[in-house]
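> Right, I'll just put the structure down here and ask away after.
Derivation of every value follows stated rules applied to the coordinates shown; laboratory data play no part. Just so we're clear, the structure is a prediction, and the values are computed from it rather than from any experiment. Glycine gets a Cβ as well: all are built from the backbone with ideal geometry, and neighbour counts include every protein chain shown.
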Amino acid sequence: MKLEGIHHITAITADAQDNVDFYAGVLGLRLVKKTVNQDDPTVYHLFFADENGSAGSDLTFFEFPGAPRGRAGDGMVHEIAWRVASTEALDFWEERLAARDVELKRGESTLVFRDPEGLQHVLRISSVDDAALIADHPEVPAELALRGFDGVRAFSSNPERSEGLLRELGFEVAEDRFSDHAWEARGETRGGTIAYDPAPAERALQGAGTVHHVAWGSTIEEHEAWRERAMAGGARPTPVIDRFYFRSIYFREPSGVLFEIATLGPGFTVDEPLESLGEKLSLPPDYEHLRDQVEANLKPVRSPRQVAA
């Protein structure tokens, strides 16, 4: 068994509309699902991805209105890496983000920036053979667009503790110029990395602009077996949880990062057509009877596509 790289990454925002404006409007991702946090259905859960809502490009946000800014610390993901195809792509994003007063740090093959709430991203030139997961955006040419996740970086005060579990889950040592503790999960179709950096002295604070968890992809058929593998590696995974769009198990790896293993399906078209993904509030069947109550608690959120239309 091999995990199929990163399935999705979930973070926290304090303002859903501002979040949509940046990730769909500026970064050119597609808002593919507008639903609720299934553990707290009073708040939004927004999903951004490529045009088809593919695992491997799926950045999601829980909205907790008015939440204070968080601070990444020991046991937390602090950077999300995206693939781009070329130096020309980096040039494009440098110009596009600078025009919006986003602070940037340009490297030889990277571009580092933060979203409006402080969540750090890096664009990396990548030559891997994985399929390019691209969203359509009128201002972003396809050859310059984001092409899916490359990996994440996390803080750890003792990254050696994570090695046993990562090896049990099929991760292999990866090369990383900034870390001696980097790992890749690569399956038949896709790969993704996690690298550990020394933890800062400041205490971690979960809040707006921080990552909540990182999910790794599994086939539906192997999902239960991954739970057994996680337990064999010393983790304490949850039972399988049906999230309607995929099934999930959760556990903390020894450095403290919250991992999820999520299935590659059923997918986001299970309850709305591909061409109109993310335009309406979608509720899993178990929550549909709460629609009136849920909608009364949520501010309307519109994607740039809807505004343009």
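> Straight-line reach only, C-alpha to C-alpha below 23 angstrom: list the lysines that LYS33 could link to, leaving out same-chain residues fewer than 8 apart.
Hits, sequence-local ones excluded: LYS280, LYS299.
> If you don't mind, another one. Between region 174-239 and region 26-73, how many Å separate their Cα centres?
Here the answer is 19 Å between Cα centres.
> In square nanometres and to one decimal, what's the mean projected area of the convex hull around the Cα atoms of region 92-236?
If I average the Cα hull's projected area over directions, I get 10.9 nm².
> Please report the spacing between the Cα centers of region 5-23 and region 122-142 in Å, no decimals.
Cα centroid to Cα centroid, the span is 18 Å.
> Mind giving me the nanometre distance, one decimal, between the label points for LYS105 and ARG291, set 7 Å out from Cα along Cα→Cβ?
4.7
> Another one. Using the crude model of +1 on Lys and Arg Cβ and -1 on Asp and Glu Cβ, and no other charge, please compute the dipole size for region 6-304 relative to its Cα centre, in debye to 20.
580
> Provide LEU205, LEU166 in ascending order of the number of other Cβ atoms located within 10 Å of each residue's Cβ, fewest first.
LEU205, LEU166
> Rounded to the nearest 5, what % of DSSP beta bridges with both residues in region 6-304 are antiparallel?
Roughly 65 percent of the DSSP beta bridges within region 6-304 come out antiparallel.
> May I pose another question? Given the C-alpha atoms of region 156-309, compute the convex hull and give its volume per residue in Å³.
Normalising the Cα hull of region 156-309 by residue number yields 182 Å³.
> Can you report the principal axis dimensions of region 37-139 using only the alpha carbons, biggest first, rounded to whole angstrom?
Each principal axis gives a Cα extent; for region 37-139 these are 42, 31, 30 Å.
> Okay, next question. Order of LYS2, LYS34 from fewest to most other C-beta atoms within 10 Å?
Fewest to most other Cβ atoms nearby, the residues stand as LYS2, LYS34.
> Here are some values of P(r) over Cα pairs in 10 Å bins from 0, in percent: [x] 6, 26, 30, 19, 11, 6, 1, 0; [y] 6, 28, 38, 23, 5, 0; [z] 6, 25, 32, 23, 9, 3, 1, 0. Which one was computed from this structure?
The value computed from this structure is option [y].
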